[in-house]
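Notes follow the structure.
The values are calculated or read from the model by the stated rules, or taken from the named source; none is laboratory data. Treat the numbers as computed from the prediction; the structure is a model and nothing was measured. No Cβ is skipped: glycine too gets one built from the backbone with ideal geometry, and neighbour counts run over all protein chains shown. Heads up: the accessible areas ignore ligands, DNA and RNA and are worked out on the full protein's heavy atoms, side chains in. Shrake-Rupley method; radii C 1.70, N 1.55, O 1.52, S 1.80 Å.
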Amino acid sequence: MTNPLSLLIGWVLDLFLGDPQRLPHPIVWFGKIISFGEHRLNKGRHRLLKGALMSVGLIVFVFAVTWFLRYYLLHLPSYVCLLFDALIIFYCLAGTTLIREVRQVFLALDRSLDEGRRQVARIVGRDTSELSAQEVRTAALETLAENLSDGVIAPLFWLALLGTPGMLAYKMVNTLDSMIGYKTERYKDFGCWAAHIDDIANYIPARLTALLMILAAGRPQLISFVWRNGRNHVSPNSGYPEAALAGILNCRFGGPHYYFGELFDKPYIGDNERELTTADMKKAIRVNRTAEVLMVILTALCAWACY
């Protein structure tokens, strides 16, 4: 099990540094490996099978390598494994970078619509070239809510459950889904297993994220709102944290968007189609940070109880 001190060190590093820009990053390596495999396997016949074998194989490989490496480090002085776990946790958390990027979207939009579109394109998969200012703000806040689950709560959940090997394996799951888990002509077969594995891995964390956001905002009455609206999403999971933030901000998310040139008609989450503001962004960031701290405390208690 993970030493609670490793969690504290890794989280504090992410809190103050965010994703390291000039250091090798395992998630970047994951992306390169996935891209390499996709370009060579996603063609011809049996794409569903080839995508399944690649996805499952990469997830198992990451878990096994991390587990065996950590097992070896356990035979060295205790601080070595402690620092190894802290580094993995640091690399797997994305709370600070996410908040930084969302804040930059709103600042860019204050300068010009085109700059806001370019900035939000860094953190969303949808086409952004024709988005209005309101749609840019909405996209940024939707991503803030969804990626609180993917980038913070879910990694910590799998850390508590399976230690740093599970945490890193989850990041491979999430990276696979973000790269090939689309229902487009190119990926609908090859990325099918990646998308379904990601759905399973995020089922509990997404709902836990929504609950933590509600608690962070001090709005327990929103549970019924989230339960009703969380299912208004093409994803079985993403709608829940988005519904939590839509309820907290009293706004509307969702609706039709273009991905890779194809229109996806997503249902709406919430009813109040009002203009979003910088004040909404600041409130959303406060809620995210508080929910993150609550999850770190829960994970640390689990680690302390099991260590």
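Observations on the structure shown:
- Three-way shape label, segment 69-134, alpha-carbon gyration tensor, a/c 1.5: prolate
- 15 Å beta-carbon shell around Lys50, net charge (K/R +1, D/E -1): +4
- Most positive-pole-ward Cα, Asn174, Met1, Leu93, against dipole of the chain from beta carbon charges: Met1
- Using 0.36 nm per residue and subtracting the Cα-Cα separation, the extra length available between His39 and Phe264 on full extension is 78.5 nm.
- Helical runs assigned H by DSSP (4 residues or longer) give the chain a calculated mean residue ellipticity at 222 nm of -23500 deg cm²/dmol, each run adding -39500 (n - 2.57) before division by the residue total.
- For the chain, modelled as a GNM whose springs connect Cα atoms under 10 angstrom apart, the maximal fluctuation among Asp150, Asp114, Asp198 occurs at Asp114.
- Given charges at beta-carbon only (K, R positive; D, E negative), |dipole| of the chain in Debye: 340
- Heavy-atom accessible area per residue - segment 25-183, 1.4 Å, Å²: 46
- Ala216 sits among other residues whose Cβ lies under 12 Å from its own Cβ, and their net charge, with Lys and Arg +1 and Asp and Glu -1, is +3.
- Selection among Ser132, Ala154, Ala121 by position relative to the dipole of segment 106-212 gives Ala154 as farthest towards the positive end (Cβ unit charges, Cα centre).
- Rounded percent of accessible protein surface that carbon and sulfur make up, segment 23-176, 1.4 Å probe: 65
- FRET efficiency, Ala64 to Ser112 (Cβ-Cβ, R0 35 Å, nearest 0.05): 0.10
- Here the spin labels are modelled as points 7 Å beyond Cα on the Cα-Cβ line, and at Ile200 and Glu273 they lie 4.0 nm apart.
- Within the chain, the selection of entire DSSP H helices by a Cα span of 18 Å or greater along the long axis and an average Kyte-Doolittle value of at least -1.0 returns 4-17, 26-41, 47-73, 78-92, 95-111, 133-148, 154-180, 192-217, 278-306.
- Fully extending the segment from Leu49 to Leu298 would add 85.8 nm, taking 0.36 nm per residue of separation and subtracting the current Cα-Cα distance.
- Counted over segment 207-307 with a bin width of 10 Å, the fraction of Cα pairs per bin, in whole percents, is 16, 40, 30, 11, 3.
- In summary, the lysines within cross-link reach of Lys171, defined as a Cα separation below 19 angstrom excluding same-chain residues under 8 places away, comprise Lys32.
- Net charge of the neighbourhood of Tyr268, taken over other residues with C-beta under 14 Å away and scored Lys/Arg +1, Asp/Glu -1, is -1.
- Of the residues Ile33, Ala52, Leu17, the one whose Cα sits farthest towards the positive end of the charge dipole of segment 11-71 is Ala52 (charges of +1 on Lys and Arg Cβ, -1 on Asp and Glu Cβ, taken about the Cα centre).
- Residue with peak Gaussian network fluctuation, the chain [Cα springs, cutoff 10 Å], from Ser235, Ser149, Ser112: Ser112
- Cα convex hull volume per residue for segment 111-202 (Å³): 99
- Taking the chain as a Gaussian network of alpha-carbon nodes connected by springs under 10 Å, the highest mean-square fluctuation of the residues Leu131, Leu162, Leu74 belongs to Leu74.
- Each residue, Arg231 and Glu185, gets one label point 7 Å from its Cα in the Cβ direction; the gap between the two is 3.4 nm.
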